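What follows is a set of notes on a single structure, which appears directly below.
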Amino acid sequence: MNTNTTLGQQGEKTAETYLLAQGYTLLHRNYRYKRAEVDLVMQKDRFLVLIEVKTRSSRQYGNPEEAVSGRKQEMLFLAAEELIQELDWQHEVRFDVVSIFWHHSHPEVLHIEDAFH
């Protein structure tokens with residue numbers, strides 16, 4: 001993996017595979033609303049789960065999950081409002097982060113449920 005785009009795409013695919021194995025159902029990939037994008041939208045039981053995936057190949061600038069800024073969280077909230085209306089969602093909503101660190105071509109996956117409110 002030699003580009004950030006490729007690394008990010010690989011991270012999103014890894015996160016999707018991991019979450020599907022955990023019993024999540026995929027509803028959308030790269031859901032967009034205005035300037036907001038949600039990497040993965042999934043359902044688990046009665047939860048609509050909006051997931052931000054952060055992938056790094058180095059910890060030089062910190063752990064991947066630390067890169068979810070306040071601005072990014074605001075954009076996820078904006079997308080969630082639209083998605084809730086679009087789906088007529090009547091149950092719980094949760095924001096998760098999946099942090100992936102590529103170490104010697106192998107991903108270390110950390111799933112943080114209910115990462116922010």
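Every number in this text was worked out from the coordinates using simple rules, so none of it is lab data. Given the structure is predicted, the values throughout are model-derived calculations rather than measurements. Cβ coordinates were reconstructed from backbone atoms using ideal geometry, including for glycine residues, and neighbour counts include every protein chain displayed.
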Cβ-Cβ under 6 Å pairs, at least 6 apart or on other chains, segment 70-95 side under 11 Å from TYR31 (Cβ atoms), far side among the hydroxyl-bearing types (Ser, Thr, Tyr): ALA79/TYR33; GLU82/TYR33
Meets criteria (touching a helix residue (DSSP H, G or I) at 6+ places or on another chain (Cβ under 9 Å), in a loop (DSSP other than H, G, I, E, B) and more than 20 Å from THR6 (Cα to Cα)) for PHE95: no
Output for segment 1-22, where each listed residue is out of contact with any strand residue (DSSP E or B) (no Cβ under 6 Å at 6 or more places or on another chain), within 14 Å of SER105 (Cα to Cα) and not β-branched (Val, Ile, Thr): MET1, ASN2, GLN10
Elements of type strands (runs of 3 or more DSSP E) contained in segment 23-90, each with 3 or more residues being within 18 Å of ILE112 (Cα to Cα) and in contact with a strand residue (DSSP E or B) (Cβ under 6 Å, 6 or more places away or on another chain): 36-44, 47-56
Test set (1) within 11 Å of the chain's Cα centre (by Cα); (2) surrounded by 14 or more Cβ atoms within 10 Å (Cβ to Cβ) - ARG29 fails condition number: (2)
